[in-house]
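Enquirer: Below is a structure I'd like to ask you about.
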Amino acid sequence: MTVSILIDADACPVKDEVYRVADRFKAEVRVVSNSAFRIPDNPRIKRVVVDDGFDAADDWIAENADAKSVVITADILLADRCIKAGATVLAHNGKPFDAAGIGGAVATRAIMEDLRAGMDGIGGGPPPFSKADRSRFLQELDRVMNRLKNT
């Protein structure tokens, strides 16, 4: 069974890195988004364009995630759904989401959303994406792919 990588692609800063790692492991890649954009000319990399419906990309990814999938997303709620489907989930910065920590991440997200709502639009956001994040992502994706190819 081939490992598949499902990318929540609209705001993903590591698509090129995923393509390189997937090619090395001969993995299937699905680039899921609400709009079309360029992907490499590779038969194992496919674009999946979903409609503009709320969470349409998330729904497609969650419905297609399984134990032989690696999901790349920063969306905590999508990560939760994919973990429940048996998938391995990585954030763009290489941080793995797992069953032990996802409940706390979902709760923290809800608290932060409430805090931001009370601040009338004032707030930060995630820190800027760095070279260290990219490096950590590549290391973690490589580790995950090696683990999955041996199962």
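The values are calculated or read from the model by the stated rules, or taken from the named source; none is laboratory data. Computed from a prediction, not measured in an experiment: that's the story for all the values here. Because the Cβ atoms are built from the backbone with ideal geometry, glycine has one as well, and the counts that use them run over all protein chains shown.
Enquirer: Which one is farthest from residue 129 (Cα to Cα) among residues in segment 40-75 that are in contact (Cβ under 8 Å) with a residue 40 or more places away in the chain and in a helix (DSSP H, G or I)?
Expert: 64
Enquirer: How do the pairs read when you match residues in segment 130-151 that are touching a residue at least 60 places away in the same chain (Cβ under 8 Å) with residues anywhere that are aromatic (Phe, Trp, Tyr), using Cβ under 6 Å and keeping only pairs 6 or more apart or on different chains?
Expert: Every condition considered, the pairs that remain are 145/25.
Enquirer: Can you run down the residue pairs with Cβ atoms below 6 Å, 6 or more apart or on separate chains, where the first is in segment 23-37 and free of Cβ contacts under 8 Å to residues at least 40 places away in the same chain and surrounded by 19 or more Cβ atoms within 10 Å (Cβ to Cβ) and the partner is β-branched (Val, Ile, Thr) and assigned to a helix (DSSP H, G or I)?
Expert: Final answer for the pair search is 32/61.
Enquirer: Next question. For segment 113-130, does any single residue satisfy the condition of being out of contact with any helix residue (DSSP H, G or I) (no Cβ under 7 Å at 6 or more places or on another chain), modelled with pLDDT of 95 or more and either part of a loop (DSSP other than H, G, I, E, B) or acidic (Asp, Glu) (or both)? First the steps, then the outcome.
Expert: First, the residues of segment 113-130 that are out of contact with any helix residue (DSSP H, G or I) (no Cβ under 7 Å at 6 or more places or on another chain): 113-122, 124-130.
With the extra rule that they be modelled with pLDDT of 95 or more, the set shrinks to none.
Checked against the condition, which is being out of contact with any helix residue (DSSP H, G or I) (no Cβ under 7 Å at 6 or more places or on another chain), modelled with pLDDT of 95 or more and either part of a loop (DSSP other than H, G, I, E, B) or acidic (Asp, Glu) (or both), segment 113-130 yields no hits at all.
Enquirer: Just the residues that are over 19 Å from residue 63 (Cβ atoms) and modelled with pLDDT under 90, please, taken from segment 2-16.
Expert: 11
Enquirer: Identify, please: which residue in segment 7-39 is acidic (Asp, Glu), under 25 Å from residue 130 (Cα atoms) and not in a loop (DSSP other than H, G, I, E, B) and is, among those, farthest from the chain's Cα centre (by Cα)?
Expert: Taking the candidates together, the pick is 23.
Enquirer: Please go through segment 46-87 and pick out each residue that is under 11 Å from the mean Cα position of the chain (by Cα) and among the β-branched types (Val, Ile, Thr).
Expert: 61, 70, 71, 72, 73, 76 - these are the residues of segment 46-87 that are under 11 Å from the mean Cα position of the chain (by Cα) and among the β-branched types (Val, Ile, Thr).
The rows are residues; the columns are (1) buried (at least 20 other Cβ atoms within 10 Å of the Cβ); (2) modelled with pLDDT under 95.
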{"site": "61", "(1), (2)": "yes, no"}
{"site": "64", "(1), (2)": "no, no"}
{"site": "69", "(1), (2)": "yes, no"}
{"site": "72", "(1), (2)": "yes, no"}
{"site": "75", "(1), (2)": "yes, yes"}
{"site": "79", "(1), (2)": "yes, yes"}
{"site": "91", "(1), (2)": "yes, yes"}
{"site": "97", "(1), (2)": "yes, yes"}
{"site": "101", "(1), (2)": "no, yes"}
